[in-house]
There are 2 protein chains.
Amino acid sequence: MLAEIITIGDEILIGQIVDTNSAWMGRELNKIGISVKQITSVSDNADHIVNALNEAQQRADIILITGGLGPTKDDITKLTLSTYFNMPLRRDEETLAHVEELFRKFNRPMIDVNIKQADVPDGCTVIQNKNGTAPCMWFEVNGKIFVSMPGVPFEMMYLMEEEILPRLKNNFDLPYIVHKTILTVGQGESFLAKEIEDIEDSLPSHIKLAYLPKLGQVRLRLSAIGPNEQSLKSEIEIYAQQIIERAQKYVAAEDDVALEKAILDVMKGNQLTLSTAESCTGGYISHLLTQHAGSSAVFAGGAVAYSYDLKESVLGVKHETLTEFGAVSEQTVKEMAVGAITHFKTDYSIAVSGIAGPDGGLPGKPVGTV
Amino acid sequence: MLAEIITIGDEILIGQIVDTNSAWMGRELNKIGISVKQITSVSDNADHIVNALNEAQQRADIILITGGLGPTKDDITKLTLSTYFNMPLRRDEETLAHVEELFRKFNRPMIDVNIKQADVPDGCTVIQNKNGTAPCMWFEVNGKIFVSMPGVPFEMMYLMEEEILPRLKNNFDLPYIVHKTILTVGQGESFLAKEIEDIEDSLPSHIKLAYLPKLGQVRLRLSAIGPNEQSLKSEIEIYAQQIIERAQKYVAAEDDVALEKAILDVMKGNQLTLSTAESCTGGYISHLLTQHAGSSAVFAGGAVAYSYDLKESVLGVKHETLTEFGAVSEQTVKEMAVGAITHFKTDYSIAVSGIAGPDGGLPGKPVGTV
């Protein structure tokens, strides 16, 4: 079963926002056996939206549309759909009651454009959006399903999880798509590919292998499609284990996890604790660690010490070390690491110091030194 | 002048990676007066790539293609372009020398697939990729420009900045596109729209206004297009000032900056310093602050204190406060804030405590409490 995603909004095309919705939708659709054939981002322009709708329905059975549903003049998705499907707008009383309720709750007066949020094309199924004023609209035309949702991520995610994905599951007899990802560290993709070439060549046609490189890391992703989830899982696991055995020394995790999550998992298994002492990374490493549920079992906390003062008072770096070798030196970063272990009472620590730029470069220590 | 971006790779469609390249490219193209008409993400499938190329060249003059140029079997962009343009592959000696040089530098043996990176469609202009082995390929066919680049962000960015954008500027007599963004806080988009309705209605046709809402914030973006950059700037400034005056009490910045950057700027202007004391946000606020160049003039540093121990030792939260009111309480977060000001010797501090979930919710303090 194929779906396409159409995201509407000039802000995406001029790069003012990054489209994170589509990736999230792609993942969730995959889990229920729907493949995304194409993602198309178009401008807030009626002809352009119509063109994208025409093309998408030639390739896919389900067309998911996000964005362009706000109350302001630049948002034209609803009007365009009304014309496209030849369904004049009607006032939906349930939506109006919901919008009024929202405004009462936030104690704001309603104005005319807010009331218009309750107008919907006559012929679509209206799905209430608990997190906002723009309703979700479900169209079934020419055997295809079109769903229009707001582009605000938490509104879209709620609607997808609670309404759209369950309805799609009910509507179709979907195949299963199973992925298995292996995280490797420290070997280039072409070398990995050569090492596992015979395994890759032996894959049956319903199983694909992809290489996803990132600085210092390569993810190997096996994807299988078929009617029986359990047999796909067993089958993919056989090939995954062959690859893991072959690439053993580079494998950091047998799962699609971030490197820091792999570290947290190993440390948790060994009941070890971790702290951080960051300078140029400014809390980014803490942030990466604490994004993961259950990180508090391993990660006690850390310090972001930008100034000399804080490096001394919070991390116990010696004043002489800073004046003699500078903040960005092996000596300082070692004392930061030891300071974190001592002050934060953890088994391990991660310390980083560097010059992130664009200013602050020194002779012998250019911007980018870490 | 219109461009389209085609990103190639199953990893985008299944949501394994978020396409951040397109937003960056959209911004950079805009700066030189090229508008992005559409962004299309397609799978590693020859027919699908061909279809996207056919459609894109009907709408745009410049087609920028990223991804699918790796040495592994799943990457088929180069072969597809070779067939599409009817240009058989030839070995490019300059590229081969560059690839060999890269492997020498990293002291790695070369294998056959690495050598194949030097094969290019006969008829394209080869642009060397200093940051990787996949060359950039520039095609001029039927009066249209097609550029194929690697999808790895730092390789693509380097090529765009150093090679593609300058060449596009030279090739075309481009109009200017000028944006002006006003960051507002604390007022909903429909109310802002109503307050400035007459200003919006008075805009000439070459100036557009868009509303970009985000939790608690709305960005107002004016965009103007025309042949004279200076007069566009003056003109857009007049309308911007009208809006700023009208929406004065909600305006946080007269520029397209993040809210935390606006805070840093105001504090820098007043020579004030800031520290953070984070629990559930795990360093994210520090990270947001330190992303901005020059943040060290204001931001001294902070603590990520997950455990009770660290809240006491690093931030001086009283043991009794934690046991009586709990870590997620107004009392604790106030002591965290005061502790940060005292221990880190700053004028202001930001303290956050909460339960991020998915576990750890308590009666009266559900997950999501901040």
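The figures follow:
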| item | result |
| --- | --- |
| Bins of 10 Å, starting at 0 and running to the largest distance - Cα pair percent for the stretch A:203-292 | 13, 35, 31, 16, 5, 0 |
| Antiparallel %, DSSP beta bridges [both residues in the stretch A:2-171], to 5 | 40 percent |
| DSSP-assigned coil residues among trypsin sites (Lys or Arg not before Pro) in the stretch A:130-186, each with at most 14 further Cβ atoms within 10 Å | A:K130 |
| Calculated label separations, B:E237, copies of the chain, 7 Å along the beta-carbon direction, nm | 6.7 |
| J(HN,Hα) series, the stretch A:125-135, from Karplus relation 6.51 cos²θ - 1.76 cosθ + 1.60, nearest Hz, glycine and proline x | 8, 8, 10, 5, 9, 5, 9, x, 8, 7, x |
| Within the stretch B:259-352: Cβ-based charge dipole about Cα centre, in debye rounded to nearest 20 (Lys, Arg +1; Asp, Glu -1) | 280 debye |
| Semi-axes of the equivalent ellipsoid for the stretch B:2-171, Cα gyration tensor, largest first, Å | 24, 17, 17 |
| Residues whose placed amide H lies under 5 Å from that of B:T66, excluding near-sequence neighbours | B:I6, B:T7, B:I8, B:M149 |
| Antiparallel bridges, percent of DSSP beta bridges restricted to the protein assembly as shown (to nearest 5) | 55 percent |
| Interchain or long-range residues, amide H under 5 Å from B:A351's placed H | B:A277 |
| Cα-derived Rg to Rh of the stretch B:96-255, Kirkwood definition | 1.19 |
| The stretch B:6-110: chymotrypsin sites (Phe, Trp or Tyr not before Pro) in DSSP coil with no more than 13 other Cβ atoms inside 10 Å | B:F106 |
| For A:N129, residues with placed amide H under 5 Å, excluding near neighbours | A:C136 |
| Inter-part distance where the stretch A:179-231 and the stretch A:150-174 are each reduced to a Cα centre, Å | 29 Å |
| Cβ-vector label at 7 Å, B:P166, separations to other copies in nm | 5.8 |
| GNM top mover of B:P204, B:P213, B:P150 - chain B, alpha-carbon springs below 10 Å | B:P204 |
| Convex hull volume of chain B per residue (C-alpha atoms, cubic angstrom) | 202 Å³ |
| The stretch A:77-134: C-alpha pair distances exceeding 18 Å, % | 32 percent |
| Shielding by partners - mean other protein chain Cβ count within 10 Å, residues of B:5-17 | 6 |
| Inter-part distance where the stretch B:33-67 and the stretch A:27-42 are each reduced to a Cα centre, Å | 18 Å |
| Semi-axes of the equivalent ellipsoid for the stretch A:157-242, Cα gyration tensor, largest first, Å | 30, 18, 9 |
| Net charge, A:K130 excluded, C-beta distance under 9 Å - Lys, Arg +1, Asp, Glu -1 | -2 |
| ³J(HN,Hα), Karplus 6.51/-1.76/1.60, whole Hz, each residue of the stretch A:279-288, x for Gly, Pro | 10, 5, 7, x, x, 5, 5, 4, 4, 4 |
| Along each principal axis, Cα extent of the stretch A:150-195, largest first, Å | 45, 30, 12 |
| Rotation relating B and A, chain A residue nearest the axis via C-beta, angstrom | A:G283, 2 |
| Beta bridges by DSSP in chain A, antiparallel share as percent, to the nearest 5 | 55 percent |
| Whole-number percent relative contact order across the stretch B:109-264, with pairs defined as alpha carbons under 8 Å at least 6 apart | 20 percent |
| Lysines whose Cα lies under 25 Å from that of A:K214, excluding same-chain neighbours fewer than 8 positions away | A:K31, A:K37, A:K180, A:K194, A:K249, A:K261, B:K73, B:K78, B:K105, B:K116, B:K130 |
| Volume per residue of the C-alpha convex hull in the stretch A:259-352, rounded to whole Å³ | 78 Å³ |
| Estimated distance in nm for a label pair at B:N142 and B:K268, the labels positioned 7 Å out from Cα along Cα-to-Cβ | 4.9 nm |
| Distances in nm from B:T323 to the matching label points in the other copies, shortest first (labels 7 Å along Cα to Cβ) | 4.3 |
| Distance between the stretch B:270-325 and the stretch A:273-325 - C-alpha centres, whole angstrom | 11 Å |
| Binned Cα-Cα distances of the protein assembly as shown, short to long, each 20 Å bin given as a whole percent | 15, 45, 37, 3 |
| Gyration tensor over alpha-carbon atoms, the stretch A:1-58, equivalent ellipsoid semi-axes in Å | 21, 16, 5 |
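Every read-out reported here was derived from the displayed coordinates using simple, explicitly stated rules and does not represent laboratory data. The structure displayed is predicted, hence computed values, not measured ones. Because the Cβ atoms are built from the backbone with ideal geometry, glycine has one as well, and the counts that use them run over all protein chains shown.
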